[in-house]
Amino acid sequence: MEILKPAMAGTLESSDAQVTVEPGNGKIQLSLQSSVMNQYGRQIRETVLETLERLEVQSAKVTVVDKGALDCTLKARVECAVFRSCGQSAANIPWGGAVR
């Protein structure tokens with residue numbers, strides 16, 4: 001998928017994450033802030049990058065502000081932000097089925 005415009009998903013509430021995607025310059029640029037960076041930073045990074053790979057995103061600037069979100073929440077937030085940035089309509093989105 002191609003990131004066409006900036007988009008955001010999620011909140012800054014506890015146990016959630018706010019994911020912002022923007023058009024990139026040919027690669028994935030990931031900026032990550034987390035309240036649990038020392039314990040789970042590597043896992044969060046892997047989850048975000050794996051989700052982007054499965055969505056076939058090859059160029060994007062991605063910012064994640066994590067407040068202790070579970071992996072399933074991170075995947076959902078990344079998926080939602082990417083679909084919003086691509087201008088997908090609700091009828092064309094395979095919610096819950098695009099990322100395994």
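The values are calculated or read from the model by the stated rules, or taken from the named source; none is laboratory data. Just so we're clear, the structure is a prediction, and the values are computed from it rather than from any experiment. Because the Cβ atoms are built from the backbone with ideal geometry, glycine has one as well, and the counts that use them run over all protein chains shown.
Reported count of residues in segment 73-100, each being at pLDDT 75 or above and of a type in the set (Val, Ile, Thr), is 3. Out of the residues in segment 31-48 that are surrounded by 15 or more Cβ atoms within 10 Å (Cβ to Cβ) and of a type in the set (A, V, I, L, M, F, W, C), which is farthest from Ser14 (Cα to Cα)? Once the filter is applied, the top-ranked residue is Val48. For segment 15-55, filtering for residues that are in a helix (DSSP H, G or I) and of a type outside the set (Val, Ile, Thr) leaves 14.
Taking segment 65-75 as the search range and keeping residues that are in contact with a strand residue (DSSP E or B) (Cβ under 8 Å, 6 or more places away or on another chain) and assigned to a helix (DSSP H, G or I), which one is surrounded by the fewest Cβ atoms within 10 Å (Cβ to Cβ)? Only one residue tops the list, namely Thr73.
Of all residues in segment 1-14, those that are surrounded by 15 or more Cβ atoms within 10 Å (Cβ to Cβ) and not in a strand (DSSP E or B) total 3.
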